[in-house]
Number of protein chains: 2
Amino acid sequence: MNFENCFPIWSKLTSAERGMFTHSAIHHKLSSGTLTFSASSDCLGLILIGSGRLRIFISSEDGKELTLFRLFPQDICLLSAACIVKDMELNISIEAEKPSEIWIMPSSTCKEIMSQSITFSSYLNQIMFSRIAKILQLFEAVMWESVDKRLAAFLLEERHIEKNDTLKITHEKIANHMGTAREVVTRTLKAFQSKKLVQLSRGSITLTDIDQLLELSE
Amino acid sequence: MNFENCFPIWSKLTSAERGMFTHSAIHHKLSSGTLTFSASSDCLGLILIGSGRLRIFISSEDGKELTLFRLFPQDICLLSAACIVKDMELNISIEAEKPSEIWIMPSSTCKEIMSQSITFSSYLNQIMFSRIAKILQLFEAVMWESVDKRLAAFLLEERHIEKNDTLKITHEKIANHMGTAREVVTRTLKAFQSKKLVQLSRGSITLTDIDQLLELSE
């Protein structure tokens, strides 16, 4: 796994720009659950994901959480770099959901390259729009969709990510993804079980009727 | 009111870029309430606000609404131009809250200038980050703050915008701003009145204790 192969616009950068990224990018190995960034940290810069998976979430003062999105290899996290365009702090947290390899491209380098490279600047615009679109979609879902529908969608997303019908995940974690209470997740999962959509056992959930879950999620 | 004075980065553009904007920008006068853009419309392009006020909101299938933000003279709406960076549709609506003068900078022009002007591209990055920050702040408020706190904050914001302690606004409109039900707004306003924070009368709300409202909103 090397930096070049993970950075989607690598081939479009000039050799000077490549050199700047190569010299300044810092490689990190994260173990699962490590909180790599939070509102109180300094401006990190862009995070390039080499392997593993990061979760970007917001949280309340009393510890409630809501996942904004998850990032996979070759994805770039730019919410950790708000300071490169404006002195602004975003109130987000980032954690590794699996052991992950990342590169941090420091904000000073990003700032410099952004001020001269139309390729890099346009790339950031593009990612930023897709993040806004994703956040707005999520916002609408949280505001106006039923917990049933959102939970069905979450279980299917999880199945897709894990490539497994049996999910090893606690009700608490699901609640933190969905921005709801654990009790609500447990109650809804039990209702799903009584409709034979899932089979619950200690520490895992098996999806037993994908078609019905799909229908519920749409 | 002319285009140049309303466009914050005008002086930083090249004369060729200025020419392209001047020749392609379309001037519109909107009367209050006109819906200028919705999810079903084609990609409009960037909207530059000359005078008046626009409201950007999301809405549910059954007509519930939530205001994302409001735009004032010299602001730029870029959520109407998602297509310039990516073929993507954002599910947002825009309406004029007051009679407004706007210029629409067509997406084709924006696309062309973005591909060559680092000034313009960086400017879009900057606005985009502040929009993300605003949307995330709102998201957190909607998720985790009490209706009391959010309503107090809304009344104070409205007072600031209107420069008046007496607000001519219906409970229904407030509910649509806040993404809540009219009944909830009415109930909370009545509670505010019994605490002498506001004085309600037909079609208007007078803020009678600004300090208390401020405290409640913080």
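Relative contact order for chain A using alpha-carbon pairs under 8 Å, separation at least 6, rounded to a whole percent? Each step should come with its number before you reach the end.
Details: 355 pairs, mean separation 45.3, N = 218.
Over chain A, the number comes to 21 percent.
Taking 30 Å as R0, compute the FRET efficiency from the Cβ-Cβ separation of B:Val142 and A:Ser146 and round it to 0.05. Let's see the in-between values first.
Values: r = 17 Å, r/R0 = 0.57.
Working from the Cβ atoms, E equals 0.95.
Could you state the angle between the C-alpha long axis of helix B:147-162 and the longest principal axis of the C-alpha atoms of chain B, as a value from 0 to 90 degrees rounded to the nearest 10?
Taking the Cα atoms of chain B, the angle to B:147-162 is about 60 degrees.
For chain B, which cysteines have no second Cys with its Cβ under 4.7 Å from theirs?
B:Cys6, B:Cys77, B:Cys110
Considering only A:Ile132, A:Ile174, A:Ile102, give the residue with the highest GNM mean-square fluctuation for chain A, with springs between Cα atoms whenever their separation is below 10 Å.
A:Ile132
Evaluate the relative contact order of the stretch B:77-160 (contact order divided by residue number), counting alpha-carbon pairs under 8 angstrom at least 6 apart; express in whole percent.
21
Could you work out the pair-distance distribution P(r) of chain B from its alpha-carbon pairs, with 5 angstrom bin width and percents rounded to whole numbers?
Reading the bins upward from 0: 1, 6, 13, 17, 17, 15, 11, 8, 6, 3, 1, 0, 0.
A:Arg18: net charge of surrounding residues, Cβ under 13 Å, Lys/Arg +1, Asp/Glu -1, itself excluded?
Combined, the nearby Lys, Arg, Asp and Glu give -1.
For chain B, modelled as a Gaussian network with Cα springs under 10 Å, which listed residue fluctuates most, B:Ile49, B:Ile161, B:Ile113?
For chain B, modelled as a Gaussian network with Cα springs under 10 Å, the answer is B:Ile161.
Take the eigenvalues of the Cα gyration tensor for the stretch B:101-144, scale each by 5, and report the square roots as semi-axes in whole Å, largest first. Don't skip to the answer; put the middle values down first.
Values: eigenvalues 162, 37, 11 Å².
Its equivalent ellipsoid spans semi-axes of 28, 14, 7 Å.
Work from the charge dipole of chain A (Cβ charges, +1 for Lys and Arg, -1 for Asp and Glu, about the Cα centre) and give the residue of A:Ala191, A:Leu44, A:Ser217 farthest towards its positive end.
My answer, from the dipole projection, is A:Ala191.
Looking at chain B as a GNM with Cα springs under 10 Å, which of B:Asp62, B:Asp165, B:Asp75 has the largest mean-square fluctuation?
For chain B, modelled as a Gaussian network with Cα springs under 10 Å, the answer is B:Asp62.
Let me know the charge dipole size of the stretch A:1-152 about its Cα centre in debye, to the nearest 20, where only the beta-carbon of Lys, Arg (+1) and Asp, Glu (-1) is charged.
Details: 14 positive and 16 negative charges, 78 e Å.
The dipole magnitude comes to about 380 debye.
If you take the alpha carbon radius of gyration of the stretch A:155-208 and divide it by 2.2 N^0.38 Å, what ratio comes out, to two decimals?
So the Cα radius of gyration is 1.04 times the expected 2.2 N^0.38 Å.
Looking at the stretch A:58-164, which trypsin sites (Lys or Arg not before Pro) are in a loop (DSSP not H, G, I, E or B) and have at most 10 other Cβ atoms within 10 Å? Working shown, then result.
On the way: sites: A:Lys64, A:Arg70, A:Lys86, A:Lys111, A:Arg131, A:Lys134, A:Lys149, A:Arg150, A:Arg159, A:Lys163; in loops: A:Lys64, A:Lys86, A:Lys163.
For trypsin sites (Lys or Arg not before Pro) across the stretch A:58-164 that sit outside H, G, I, E and B with at most 10 neighbouring Cβ atoms in 10 Å, the list reads A:Lys163.
In debye to the nearest 20, how big a dipole does the stretch A:116-218 give about its Cα centre with +1 on each Lys and Arg Cβ and -1 on each Asp and Glu Cβ? Walk me through the intermediate numbers first.
Numbers: 14 positive and 13 negative charges, 69 e Å.
It comes to approximately 340 debye.
Separation of the stretch B:150-218 and the stretch B:52-106 by C-alpha centroid, Å?
Measuring centre to centre over Cα atoms gives 24 Å.
Which values, in whole Å and largest first, are the semi-axes of the equivalent ellipsoid of the stretch B:95-187 obtained as the square root of 5 times each eigenvalue of the Cα gyration tensor? Show your work: numbers first, answer last.
Numbers: eigenvalues 232, 62, 29 Å².
That gives 34, 18, 12 Å for the three semi-axes.
If you project the alpha carbons of the protein assembly as shown onto the principal axes, what extent comes out on each, in Å, largest first?
58, 58, 40
Residues with amide H under 5 Å of A:Val198's amide H, sequence separation 5 or more or different chain, H placed in the peptide plane at 1.01 Å from N; which?
Hits under the 5 Å cutoff: A:Gln193, A:Thr208.
With axes computed from alpha carbons, what is the tilt in degrees of helix B:118-144 against the longest principal axis of chain B, rounded to the nearest 10 within 0 to 90?
That works out to roughly 20 degrees.
Between B:Ser201 and A:His28, what FRET efficiency comes out of the Förster formula 1/(1 + (r/R0)^6) with R0 = 51 Å and r the beta carbon distance, rounded to 0.05?
Values: r = 60 Å, r/R0 = 1.19.
So, using R0 = 51 Å, E works out to roughly 0.25.
Please give the length that would be gained between B:Thr208 and B:Ser11 if that part of the chain were fully extended, namely 0.36 nm times their separation in residues minus their C-alpha to C-alpha distance (nm, one decimal). All intermediate terms of the calculation are to be shown ahead of the outcome.
Working: separation 197, 0.36 × 197 = 70.92 nm, distance 4.44 nm.
Stretched fully, the B:Thr208-B:Ser11 segment lengthens by 66.5 nm.
All other residues with a Cβ under 13 Å from the Cβ of A:Ser59 taken together, and with Lys, Arg as +1 and Asp, Glu as -1, what is their net charge? Before the final figure, lay out each step's value.
On the way: positive: A:Arg55, A:Lys64; negative: A:Glu61, A:Asp62, A:Glu65, A:Glu95, B:Glu140.
Local net charge: -3.
Computed from the coordinates by the stated procedures, all read-outs in this text should not be read as laboratory data. Small disclaimer: the values here were computed from a predicted structure and weren't measured. Reconstructed Cβ throughout: ideal geometry from the backbone, glycine too, with neighbour counts over all protein chains shown.
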